[in-house]
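Worksheet: the structure to be examined is printed underneath.
The values are calculated or read from the model by the stated rules, or taken from the named source; none is laboratory data. Note that the structure is a prediction, hence the values are computed from the model and not measured. Every residue, glycine among them, receives a Cβ derived from its backbone with ideal geometry; neighbour counts consider all protein chains shown. Side chains are part of the model used for accessible areas, which takes the heavy atoms of the whole protein and leaves out ligands, DNA and RNA. Shrake-Rupley method; radii C 1.70, N 1.55, O 1.52, S 1.80 Å.
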Amino acid sequence: YPRISARHILVSYSDAKTAPEDITRSSTEAERIAEGLAADLATGADFDTLAREHSDGPSAARGGELGVFTSGVMNAKFEAATLALKPGERSAVVETPFGFHIIERMEVIEVNLAHVLIQWTGVKSSRSERTKEEARERAEQAIALLEAGQDFSEVARDWSDGPYGSRGGTIGWFQKGQMAPQFDKAAFALEIGEHSNIVESPHGFHIIVRLTETNP
């Protein structure tokens, strides 16, 4: 099955499937709004901004991004409209039982990652008794080893907390939006083979490395 990535703006109406309770507009009104948004996009409006401000779907807070999915996951009409697009192309207004959509197909972008995780007392899933200050000092020591040329997997096995240290820190493939925002931003800014500086998330301090480029 093809792996598909897309974002959309959904304009729902009162009788549409899964429509929020506070939506009272009619189907005709929803279609008119969607056509107006499509016209705005055609004259250069920013898709992300319009999705956040006007989309009625749960992906609105992500700028309409739906992540990566395979055939058979989405509504059949939505899927057909998406597959008819090339990456970067945008559909006309498409109606499904959920409302009226404007769909933009995107490149499938994923990253293969490993990390060193160093935790302290109080962060999510932590069994550590160290303080945050002690954790930062330990993270800085791990960075120093990497800068001195030590292999990332060795540093992860020796220094990382959590279940992935024994695997050399390898945590697998991720799409944008799957991880904590701080982690996500740092990971997608890396080149292949490059490691990050210390990144703080609700799980602790991370040192992230981007591994191979292609997801088989």
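In a reduced charge model with +1 at each Lys and Arg Cβ and -1 at each Asp and Glu Cβ, the chain shows a dipole moment near 420 debye about its Cα centre. When P(r) over Cα pairs in 10 Å bins from 0, in percent is computed from the coordinates, the matching label among [x] 7, 24, 28, 21, 13, 6, 2, 0; [y] 9, 36, 37, 16, 2; [z] 8, 28, 24, 18, 16, 6, 0 is [z]. With unit charges on the beta carbons (Lys and Arg positive, Asp and Glu negative) and the dipole taken about the Cα centre of the chain, which residue among ASN75, SER27, ILE9 sits farthest to the positive side? Working it through, the farthest residue towards the positive pole turns out to be ASN75.
Probing with 1.4 Å while keeping every protein chain in the model, the per residue accessible area of region 65-216 equals 54 Å². The gain in end-to-end length when the GLU29 to ASP15 segment is fully stretched comes to 3.8 nm, 0.36 nm per residue minus the alpha carbon separation.
Of the trypsin sites (Lys or Arg not before Pro) found in region 1-96, those in coil by DSSP whose Cβ has at most 15 other Cβ atoms within 10 Å are LYS17. Accessible surface of the chain, 1.4 Å probe: 48 percent of it comes from carbon and sulfur atoms. Dividing the convex hull volume of the alpha-carbon atoms in region 33-86 by its residue count gives 104 Å³ per residue.
Along the chain, the longest continuous region that contains none of the GluC sites (Glu not before Pro) in a DSSP loop with at most 15 other C-beta atoms within 10 Å is 22-88.
A convex hull fitted around the alpha carbon atoms of region 32-123 yields 158 Å³ per residue. Note on region 137-216: with charges restricted to the Cβ of Lys and Arg (+1) and Asp and Glu (-1), its dipole about the Cα centre is near 300 debye. Each part reduced to its alpha carbon centroid, region 10-71 and region 129-172 end up 43 Å apart. Remark: the THR70-LYS86 segment gains 4.2 nm on full extension, using 0.36 nm per residue and subtracting the alpha carbon distance. Taking Cβ atoms as reference points and 15 Å as the exclusive limit, the residues near MET74 contribute a net charge of +1, counting Lys and Arg as +1 and Asp and Glu as -1. Taking every C-alpha pair closer than 8 Å and separated by at least 6 residues, the mean separation divided by the residue count of the chain gives a relative contact order of 20 percent. For the chain, the longest principal axis of the C-alpha atoms and the axis of helix 27-42 are separated by about 60°. In the chain, a dipole from Cβ-located charges (positive for Lys and Arg, negative for Asp and Glu) runs towards its positive end, and of SER196, ILE143, PRO163 it is PRO163 whose Cα lies farthest in that direction.
Note on ARG130 and ALA61: the model spin-label points, each 7 Å out from Cα along the C-beta direction, lie 3.2 nm apart.
Placing pseudo-labels 7 Å out from each Cα toward the beta carbon at ALA180 and THR212 gives an inter-label distance of 2.9 nm. With runs of 4+ DSSP H residues as the only contributors, calculate the mean residue ellipticity of the chain at 222 nm using -39,500 (n - 2.57) per run, divided by the residue total and rounded to the nearest 500. Calculated mean residue ellipticity at 222 nm is -9000 deg cm²/dmol.
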